[in-house]
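Following: one structure in structure tokens, then a few remarks.
The values are calculated or read from the model by the stated rules, or taken from the named source; none is laboratory data. Because the structure is a prediction, the values reported are computed rather than measured. Neighbour counts are summed over all protein chains in view; Cβ atoms, including those assigned to glycine, are modelled from backbone coordinates with ideal geometry. Heavy atoms of the whole protein, side chains included, go into the accessibility calculation; ligands, DNA and RNA do not. Shrake-Rupley method; radii C 1.70, N 1.55, O 1.52, S 1.80 Å.
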Amino acid sequence: MASHTPAVVMDNGTGYSKLGFAGNDSPSFVFPTAIATKSAGGGAGGSGSGRPAVANKPSFLTGGAGPGGHLSGKRGTEDLDFFIGDEALSAAGGPGYGIHYPIRHGQIDDWDLMERFWSNSIFKYLRVEPEDHHFLLTEPPLNPPENRENTAEIMFESFNCAGLYIAVQAVLALAASWTSSKVQDRSLTGTVIDSGAGVTHVIPVAEGYVIGSSIKSVPIAGRDITNFVQSLLRDRGEPDSSLQTAERIKEEYCYVSPDIVKEFSRFDRESDDRFKKHKVTYPNGKSVEVDVGYERFLAPEIFFNPEIYSSDFLTPLPTIVDTVIQTSPIDVRRGLYKNIVLSGGSTLYKDFGRRLQRDIRHLVDARIKASEAKSGGAKSGGLDVQVITHKRQRHGPWFGGSLLGQTPEFRSYCHTKAEYDEIGPSIVRRFALLGGPGST
Amino acid sequence: MPAYHSVFLEEPNQHLIGNFALLPLRTRTRGPALQLPALPSDITDLTIDASHESYDPLDEVISLFRANTFFRNFEIKGPADRVLIYGILFVSEVLSKIKPSMSKREAEKSVLNIALDTNFAIPGDAGFPLNQAFEAPADRQQAETLRQYIMQMRQELANRMLNRVYADGTGVPSKWWLSFTKRKFMGKAL
């Protein structure tokens, strides 16, 4: 029976978790990786923890007892009193619950909360029997093997899942780019630029393996763009300059320009076309109009000119990508330049890929020219720089997982419950490379 | 990609005072600057191209102002860049004189007030904010010429900026321009 069920693909990121089934083209659930628990509430404090239960429940449910109830407290059912995802955020808005983020900087920080998060993900949201499904989970690059073992312990011993595969997010993002028409050979070599809410990573991958020593991260990502839009709105004294408005403007109106001076004069000449108005409607029915102007192209510009936003980080993203590839082994550099793959919500701006490709190409061409001049007459064959923009960028790693999880050989790459029982958690330290050479 | 530099850096036969270039201007104000031909009727301030013969450093100042004010670091590559710096800082000053509530008439009054004031600091004076990067003129006569040239820049920039800021004809200053008043190019102000 288990042979017909689709694999479950779970991509738990710092900001959002993406859950769904292999073979689908988008995740079934996307919600914040947040969990709200009752006990030891983070911000709520001790005094708030018992009272609302009494206030919310009719007295016949608690038996008229005090905070927590005398029986349920002893049975430990408060363990089950928690919410995840968007429900957690709204529960934490009221009294009694504290919000926690079990994943920090991409790695699982609190295993107990993560186990509860997974259990709700599986039973309440996906509604599957873990015994019947293989699971594909993701991990950040440079995840310690101990974390994999902990994950396997939870997945096999608590949930008794049929099989488990843990893949590196960057590798899955490469697999997701196979949907682009620009990709001819489905290789797992390339540079992944993964930009989410908090941080942007540039990760070189050679034949499915991450080159850990060359990874670089850039402290500029979605949240910074939102903040920058907000500061521009405030400079102008717009009627609404809240973070939410800034975020909406960022998502709806921003694009990457080829050159900011030219773009400014374009705004002067075609002002009717370029300036937009954004309508903000409040819950009470009132609404205001916010003008949208230069932030349309200035906001994403902070990737290419960080100086306009921050005073302590000044290296443009194209230069970082170039450095990452130059510090990788020489025999894979050509492949890394040829296949630069975008992933994550902050890479979705129009013409982001085109500008990145142009800037990297300038750097590469300048270097080739310099070394040609030094060599005295030798001609270089040139270097192909290609940035791949594709339709699955937003949930790149999840989609890559969905793609690989539906292949017929996926199950043979998983470790099964039986293997785990025989060898123990250390079995998950190694996985055969899914989608690598040798597989179809 | 760092801040934008002047296209006049490569201009031949620059007339220098100290290390400040006295480039030809397209202006009818009186002073030592060589005059460039007026704009032909089919080209305006907004559409002029950098390769046009009438394109002057002040056109450049206004077009680079908005981009360059975001930068705190600027590497001076030559005398023409100093003209650009001075111009950008003066545009900031002009914008700071215009209040959102001012009509064009009122703004003209307060802006021309600073543009026509002959009592301003030139490179070498104690009150000049960028003396590390600008050389003082060699003698009093040169100082006087430099002062007159900068005076021309100030008047012409003030006029062009007033036209830009009140371009839409509603009598209200453009909020898009005024939003740049708080930013300081290179962290300096005149």
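Please find, among B:Phe120, B:Phe134, B:Phe128, B:Phe185, the residue that is open to solvent by less than 30 Å² (accessible area, probe 1.4 Å) and within 14 Å of another protein chain (Cβ to nearest Cβ).
Within the list B:Phe120, B:Phe134, B:Phe128, B:Phe185, the selection yields B:Phe185.
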Checking the conditions here, which among A:Leu137, A:Leu142 is in contact (Cβ under 8 Å) with a residue 60 or more places away in the chain and open to solvent by less than 40 Å² (accessible area, probe 1.4 Å)?
A:Leu137
Condition first: within 14 Å of another protein chain (Cβ to nearest Cβ) and under 18 Å from the mean Cα position of the chain (by Cα). Now tell me which residues in segment B:1-20 satisfy that.
B:Ala3, B:Tyr4, B:His5, B:Ser6, B:Val7
Condition (residue is at pLDDT 90 or above, of a type outside the set (S, T, N, Q) and not in a helix (DSSP H, G or I)) applied to segment A:369-378: is it met by at least one residue?
no
Among the residues of segment B:130-144, which ones are out of contact with any Gly (no Cβ under 9 Å at 6 or more places or on another chain) and not in a loop (DSSP other than H, G, I, E, B)?
B:Arg140, B:Gln141, B:Glu144
What single numbered condition from (1) closer than 30 Å to B:Tyr166 by Cα; (2) assigned to a strand (DSSP E or B); (3) away from chain B (no Cβ under 14 Å); (4) not hydroxyl-bearing (Ser, Thr, Tyr) fails to hold for A:Glu289?
(3)
Residue in segment A:302-322 that is modelled with pLDDT of 90 or more, assigned to a helix (DSSP H, G or I) and either more than 27 Å from A:Asp365 (Cβ to Cβ) or in contact with a Ser or Thr (Cβ under 6 Å, 6 or more places away or on another chain) (or both) present:
no
Cβ-Cβ distance below 6 Å, separation of 6 or more or different chains: which pairs start in segment B:155-178 with a residue that is more than 13 Å from chain A (Cβ to nearest Cβ) and end on one that is crowded, with 19+ Cβ neighbours inside 10 Å and not in a helix (DSSP H, G or I)?
B:Glu156/B:Thr27
Selection over segment A:151-190 where residues are in contact (Cβ under 8 Å) with a residue 60 or more places away in the chain, more than 14 Å from A:Gly400 (Cβ to Cβ), within 22 Å of the chain's Cα centre (by Cα) and in a helix (DSSP H, G or I) yields a count of 2
Given the conditions (1) of a type outside the set (Gly, Ala, Ser); (2) in contact with a Lys or Arg (Cβ under 8 Å, 6 or more places away or on another chain); (3) more than 30 Å from B:Leu178 (Cβ to Cβ), every one holds for A:Val256 apart from (3)
Using the structure shown, decide if A:Arg354 is in contact with a strand residue (DSSP E or B) (Cβ under 7 Å, 6 or more places away or on another chain), open to solvent by 40 Å² or more (accessible area, probe 1.4 Å) and not in a loop (DSSP other than H, G, I, E, B).
no
Residues of segment A:83-125 being charged (D, E, K, R) and within 23 Å of A:Ala7 (Cβ to Cβ), in sequence order, are A:Glu115, A:Arg116, A:Lys124
Across segment A:259-276, which residue is farthest from the other protein chains (Cβ to nearest Cβ) among those that are in contact with a helix residue (DSSP H, G or I) (Cβ under 7 Å, 6 or more places away or on another chain) and among the charged types (D, E, K, R)?
A:Lys276
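Considering A:Ile154, A:Ile203, A:Ile225, A:Ile193, which residue is at pLDDT 90 or above, of a type in the set (A, V, I, L, M, F, W, C) and open to solvent by 10 Å² or more (accessible area, probe 1.4 Å)?
A:Ile154
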So which of B:Ala38, B:Ala67 ends up being touching a residue at least 12 places away in the same chain (Cβ under 8 Å) and either open to solvent by 30 Å² or more (accessible area, probe 1.4 Å) or more than 22 Å from B:Ala167 (Cα to Cα) (or both)?
B:Ala38
Matching residues, segment A:387-415, being over 12 Å from A:Leu136 (Cα atoms) and open to solvent by 40 Å² or more (accessible area, probe 1.4 Å):
A:Thr389, A:Lys391, A:Arg392, A:Arg394, A:His395, A:Pro408, A:Ser412
For segment A:234-258, which residues satisfy the criterion of being within 13 Å of chain B (Cβ to nearest Cβ) and loosely packed, with under 15 Cβ neighbours inside 10 Å?
A:Arg234, A:Gly237, A:Pro239, A:Pro258
Within segment A:261-319, considering residues that are closer than 19 Å to B:Thr69 by Cβ and over 30 Å from the mean Cα position of the chain (by Cα), the one most open to solvent (accessible area, probe 1.4 Å)
A:Lys262
Name the pairs: first residue in segment A:327-349 and under 14 Å from A:Ala170 (Cβ atoms), second residue open to solvent by 60 Å² or more (accessible area, probe 1.4 Å) and basic (Lys, Arg), Cβ to Cβ under 8 Å, at least 6 apart or on different chains?
A:Gly344/A:Arg394
